[in-house]
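Reviewing the structure listed below.
The values are calculated or read from the model by the stated rules, or taken from the named source; none is laboratory data. For clarity, every value in this text was computed on a predicted model and none was experimentally measured. All Cβ positions, glycine included, derive from the backbone under ideal geometry; neighbour counts span all protein chains shown. Heads up: the accessible areas ignore ligands, DNA and RNA and are worked out on the full protein's heavy atoms, side chains in. Shrake-Rupley method; radii C 1.70, N 1.55, O 1.52, S 1.80 Å.
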Amino acid sequence: MRRSVKYDLLSENRIRALLDTSFMGEKIYAFWSVGSTNEFAYRAAAKGDKEGALVIAERQERGKGRLSRKWDSPFAKGLWFSVILRPDLPATRVGIVPYVASVSIAEAIEETYKIQSEIKWPNDLLYQGKKFCGILSEADFKDERINFVVLGIGINVNQKAKEWPSELKDVAISLRMIYDKWIDRAELLALILAKLEKNYQQFKINGIGEIMERWKARCPRYKKNIVIDQMGKHLEGRFRNIDEDGYLILRQKSGEVIRVSAGDVA
């Protein structure tokens, strides 16, 4: 007997039918395959696409992660998408926007699947030390203000343990492996976009303060001693805070307090 295989291809019509948002996903680009959703979204934003435009693909040929890393994006196994945002903020505050996204994704997944994830600075989502979601933010500026931000989001959804490449099997995990059930990706996408819209609107009205407190509550390394790897250069100290521009505030052993914009926390 042939085993049935579940497919939930991410067509524009199916996504739109599930959305409960006012502007997130108002415009949708849905691809079978694309080089990079972030690259496409960046070009679309530069041509004037409005806030909330969504670019999603079943597969990425050149999926990108932070620090110029490759993001593995197998066909129909995860959510590989980008969203265009246009916050009215100075260019110096662009680093704060991805925190809204990471909190939104964590909350949507916890409320729906009861999966409690951890956030690893700056915005990786982990479960028991293994990564299932990454966020890449790329921006454009005009007259020292943000013109647009493209939030690229990759979520491992329905991969099985045996399907991981050898270099990822010890560090990556999927929601299916945690939840022990197949997950409808279109439904998950709709839930995430609704939560992102709600939190983003809150951020625009009230600032980042309350959302940042929820971010900190999910970050087990907050207020702890940490090591930050910056492409081979290591910074050590106590994780003191996140400032209004999204920088990590690190108190080094010498007592000096520095601002850190990027790196990997150990």
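Residue pairs whose Cβ atoms lie under 7 Å apart, sitting 6 or more positions apart in sequence or on different chains, and linking a residue in region 238-251 that is touching a residue at least 60 places away in the same chain (Cβ under 8 Å) to a partner that is loosely packed, with under 14 Cβ neighbours inside 10 Å and among the polar types (S, T, N, Q), are Tyr247/Ser261.
One line per residue, one yes/no per condition, for (1) out of contact with any Lys or Arg (no Cβ under 6 Å at 6 or more places or on another chain); (2) over 22 Å from Ala106 (Cβ atoms):
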| position | (1), (2) |
| --- | --- |
| Arg218 | yes, no |
| Gly232 | yes, yes |
| Glu236 | yes, yes |
| Asp243 | yes, no |
| Tyr247 | no, no |
| Arg251 | no, yes |
| Glu256 | yes, yes |
| Arg259 | yes, yes |
| Ala262 | yes, no |
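Looking at region 103-119 only, could you name the residues that are among the acidic types (Asp, Glu) and open to solvent by 30 Å² or more (accessible area, probe 1.4 Å)? Once the filter is applied, which keeps residues that are among the acidic types (Asp, Glu) and open to solvent by 30 Å² or more (accessible area, probe 1.4 Å), region 103-119 yields Glu110, Glu111, Glu118.
One residue stands out among those in region 34-56 that are in contact (Cβ under 8 Å) with a residue 40 or more places away in the chain and among the hydrophobic types (A, V, I, L, M, F, W, C): the one that is most open to solvent (accessible area, probe 1.4 Å), which is Ala46.
Within region 129-149, track down each residue that is under 16 Å from Phe81 (Cβ atoms) and among the small types (Gly, Ala, Ser). Once the filter is applied, which keeps residues that are under 16 Å from Phe81 (Cβ atoms) and among the small types (Gly, Ala, Ser), region 129-149 yields Gly134, Ser137.
Taking the criterion of being over 15 Å from Lys77 (Cα atoms), hydrophobic (A, V, I, L, M, F, W, C) and at pLDDT 95 or above, the residues of region 142-197 that qualify are Ile146, Phe148, Val149, Val150, Leu151, Ala190, Leu191, Ile192, Leu193, Ala194, Leu196.
Here is the figure for region 241-254: residues that are open to solvent by less than 30 Å² (accessible area, probe 1.4 Å) and over 25 Å from the mean Cα position of the chain (by Cα) total 0.
Do the conditions hold for Glu110, that is, is it among the acidic types (Asp, Glu), part of a strand (DSSP E or B) and either at pLDDT 95 or above or at positive phi (or both)? So Glu110 fails the test.
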